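**Student:** What follows is a structure written as structure tokens; I'll ask about it next.
The values are calculated or read from the model by the stated rules, or taken from the named source; none is laboratory data. Note that the coordinates shown come from a computational prediction; the quantities given were computed from them, not determined experimentally. Cβ placement follows ideal geometry from the backbone for every residue including glycine, while neighbour counts extend to all protein chains displayed. Ligands, DNA and RNA are excluded from the accessible area calculation, which covers all protein heavy atoms including side chains. Shrake-Rupley method; radii C 1.70, N 1.55, O 1.52, S 1.80 Å.
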Amino acid sequence: MNGRRIVLQSAEFHSFRLPSQELWRAVMEKLKAAGFNAVSLSFSWAYHSPAPGTYDFTGVRDVDRLLRTAHEAGLYVIARPGSYINAESTGGGFPAWLKTVPGRARSFEPGYREAYREWLHRINPIIARPQLPRGGPVILYNAENEYRVGTDAAYMQDIQDQARADGITVPITTNDCCDDSRWRSADHTTTTSPHPPKTLPVLYADDYGYHYGNVIGPQRAFSLPAGILTGHGTNTLALAVTAEQPVTGPGPLTLFAYGDVRGGP
């Protein structure tokens with residue numbers, strides 16, 4: 001960041017569970033004091049849209065104010081507008097009226113496609129204004145959430161395309177679920193988007209690294225969903241490395257596709 005390597009250490013905060021602007025600041029300051037340098041913010045579609053075509057970003061739903069509060073607390077922001085956010089919330093953040101919309105949810109099917117695009121076109125410009133290149137706190141944009149059931153590559157591609165069209169310029173990332181992600185966005189060499197997506201896969205240490213690192217050494221093998229890497233050009237991966245003593249680097253690393261390794265007795 002500005003020529004200096006940093007590791008993002010992010011906490012998760014849901015403003016729709018704490019409808020008080022004053023308390024947002026208290027939480028953000030506590031996160032900063034606890035050692036976090038970033039906060040992940042999930043935005044609930046249902047919280048902002050009580051009816052089709054109706055959106056509210058005022059008062060306790062003021063996303064501008066929320067992002068500004070994070071910035072004033074000295075935190076970077078990972079923005080997560082979904083459209084599906086999970087967040088252990090009812091319907092994963094989907095508004096109840098979405099049940100009346102034709103088309104399968106979390107897909108590129110007509111009906112749902114127009115609905116999620118409208119939501120993204122409302123929330124994305126708010127997220128775009130305080131991005132890091134413009135002096136704001138938004139450093140990453142997360143597309144969807146733990147997408148693994150009934151996957152639709154065109155849907156994931158469109159979320160990225162809509163974000164770019166709405167002014168999102170920071171890297172777009174996603175979070176995988178349950179060792180079984182099967183989607184892949186459209187080939188970057190054939191997409192018609194004027195802003196080719198820049199997705200950033202993030203490698204996470206699994207239980208092997210968390211629980212047994214002190215016994216059998218650091219984790220050096222990492223899994224990725226099959227097909228997530230492009231075969232055209234260069235792939236960029238992010239890996240956070242921590243050590244109790246100065247080290248020169250993690251050494252050789254291995255990548256393998258989900259499903260290639262199975263547990264045993």
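**Student:** Could you run the Karplus curve 6.51 cos²θ - 1.76 cosθ + 1.60 with θ = phi - 60° over the range 77-83 and give me ³J(HN,Hα) per residue in whole Hz, x for Gly and Pro?
**Tutor:** 10, 9, 8, 10, x, x, 6
**Student:** Skipping prolines and chain starts, which residues have an amide H placed within reach, meaning under 5 Å, of the one on residue 76, given they are 5 or more residues away or on another chain?
**Tutor:** 38, 39
**Student:** Sequence-distant or interchain residues sharing an amide H contact under 5 Å with residue 109, placed H: which?
**Tutor:** Residues meeting the amide H criterion: 104.
**Student:** Just subtract the alpha-carbon distance of residue 7 and residue 33 from 0.36 nm times their residue separation and send over the number in nm, one decimal.
**Tutor:** 7.7 nm
**Student:** Using modelled amide H (1.01 Å from N, peptide plane; none on Pro or chain starts), what sits under 5 Å from the amide H of residue 146, excluding residues fewer than 5 places away?
**Tutor:** Amide H neighbours of residue 146: 175.
**Student:** Karplus couplings for the range 154-169 from phi (6.51 cos²θ - 1.76 cosθ + 1.60, θ = phi - 60°), rounded to Hz, Gly and Pro as x?
**Tutor:** Couplings: 5, 5, 5, 5, 5, 4, 5, 5, 5, 4, 5, 5, 8, x, 6, 10 Hz.
**Student:** Over the range 40-177, what is the percentage of antiparallel beta bridges among all DSSP beta bridges, to the nearest 5?
**Tutor:** Just about 10 percent of them are antiparallel.
**Student:** Something else: Using 0.36 nm times the number of residues separating residue 148 and residue 89, minus their current alpha carbon distance, what extension gain do you get?
**Tutor:** 19.5 nm
**Student:** Which net charge results when you count Lys and Arg as +1 and Asp and Glu as -1 among the other residues whose beta-carbon is under 13 Å from that of residue 74?
**Tutor:** Net local charge, residue 74 excluded: +2.
**Student:** At 1.4 Å probe radius, can you tell me the per residue accessible area of the range 33-147 in Å²?
**Tutor:** Normalised by residue count, the accessible surface of the range 33-147 is 39 Å².
**Student:** Using each residue's phi in the range 117-122, evaluate 6.51 cos²θ - 1.76 cosθ + 1.60 at θ = phi - 60° and report the 3J(HN,Hα) Karplus result to the nearest Hz, with x for Gly and Pro.
**Tutor:** 5, 4, 4, 5, 5, 7
**Student:** For residue 58 and residue 234 in the same chain, what is the full-extension length gain: residue separation times 0.36 nm, less their Cα-Cα distance, in nm?
**Tutor:** Taking 0.36 nm per residue and subtracting the Cα distance, the gain is 59.1 nm.
**Student:** Take each of the peptides 69-82, 93-106, average the number of other beta-carbon atoms within 10 Å over its residues, and list them starting from the highest.
**Tutor:** 69-82, 93-106
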